[in-house]
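Remarks on the structure that follows.
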Amino acid sequence: MAQSTWFGSAILPFRLIFIMWAVFFTEFLIGIPFSYFGIIPRTGYGLIGIFASPLLHGNFDHLISNTLPLLFLGTVLFFFYDRIGTTVFFRSYFWTNLMVWLFGRRDSSHIGASGIVYGLAFFLIFFGIFRRDFTSMLISIVVIMLYGGVIYGVLPTDPRVSWESHFAGALVGIYTAIGLSSKKDVG
C-alpha cells in the first residue's frame, strides 16, 4: 500500500479540477465560449484541444459530471498506486486526447474531461483484473460498483456526447493497465 495520505493523493486531481472550474467561470464572466479550443480532429487548429479540451465544459452539469469522478478516481489512483499514478494520469490525459484528434468525428469540437475519467476508471478496473492481488481486485470491484455504467458510455448514443473520448479513454486505461500490471512496486 502507498505511504501517501488521502489529502496528498488528491493534489494533482484537485489542481486539474481547480483549473477546469476557473476556466468555466472565466468563460461565464467574459461571456465568450472557449469551446473552439476543443479537439477538432485532424486539423492543425484542433491540436490545441489535445491540451485544452479537458479544461472546457459545455455547461454546469457537464462540469459537475466530470468533477466528482475525476476527484474520486484520481485520488484512489494516487493513494494506492503513487509510483505509477502520474504515468497513468498523464496517459489518460494526453494519449486519450491524441486518439480523439486522430480518430474522432471531424464535424465536432470535443470538450470535457470525461476521456480522463474513462481512462482512470478503466485502468483501475482492469489493473485489478490483470494484477490479481487483493487490494487491486478490491479497488476494481469498488470502481465497477460505483462507475460500472462507464461501459455503456463507450457506445455512440447521443450525438452531442463525445463517445470517442470515452472510447479512447477506455482503450488507454486498458492498455496502460496491461503494460503496468507486471511492475513489482506500484504503490
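Give me the dipole magnitude in Debye, nearest 20, for segment 52-133 about the Cα centre, with unit charges on the beta carbon: positive for Lys and Arg, negative for Asp and Glu.
Rounded to the nearest 20 debye, it is 240 debye.
With +1 assigned to the C-beta of every Lys and Arg and -1 to the C-beta of every Asp and Glu, and no other charges, what is the dipole magnitude of segment 1-148 about the Cα centre in debye, to the nearest 20?
In total the dipole reaches around 360 debye.
How far, in degrees from 0 to 90, does helix 134-147 lean away from the longest principal axis of the Cα atoms of the chain, to the nearest 10?
Result, in degrees: 30.
Computing the accessible area with a 1.4 Å probe over protein heavy atoms, can you report the carbon and sulfur percentage for the chain?
About 72 percent, which is the carbon plus sulfur part of the accessible surface.
Considering the dipole of the chain built from charges on the beta carbon (Lys and Arg +1, Asp and Glu -1) around the Cα centre, which of G148, F7, G179 is farthest to its positive end?
Projecting each Cα onto the dipole axis, the largest value belongs to G179.
Give the residue from L56, P41, I19 lying farthest towards the positive end of the charge dipole for the chain; charges sit on Cβ (+1 for Lys and Arg, -1 for Asp and Glu) and the dipole is referred to the Cα centre.
P41
What accessible area per residue comes out for the chain, rounded to a whole number of Å², with a 1.4 Å probe?
For the chain, the solvent-accessible area averages 51 Å² per residue.
Which whole-number percent is the relative contact order of the chain (Cα, under 8 Å, 6+ apart)?
Relative contact order for the chain comes out at 26 percent.
The values are calculated or read from the model by the stated rules, or taken from the named source; none is laboratory data. Keep in mind that what you see is a predicted model, and the values were worked out from it rather than measured. All Cβ positions, even for glycine, are placed from backbone atoms using ideal geometry, and neighbour counts span all protein chains on display. Just the protein is used for accessible areas: all its heavy atoms, side chains included, with ligands, DNA and RNA removed. Shrake-Rupley method; radii C 1.70, N 1.55, O 1.52, S 1.80 Å.
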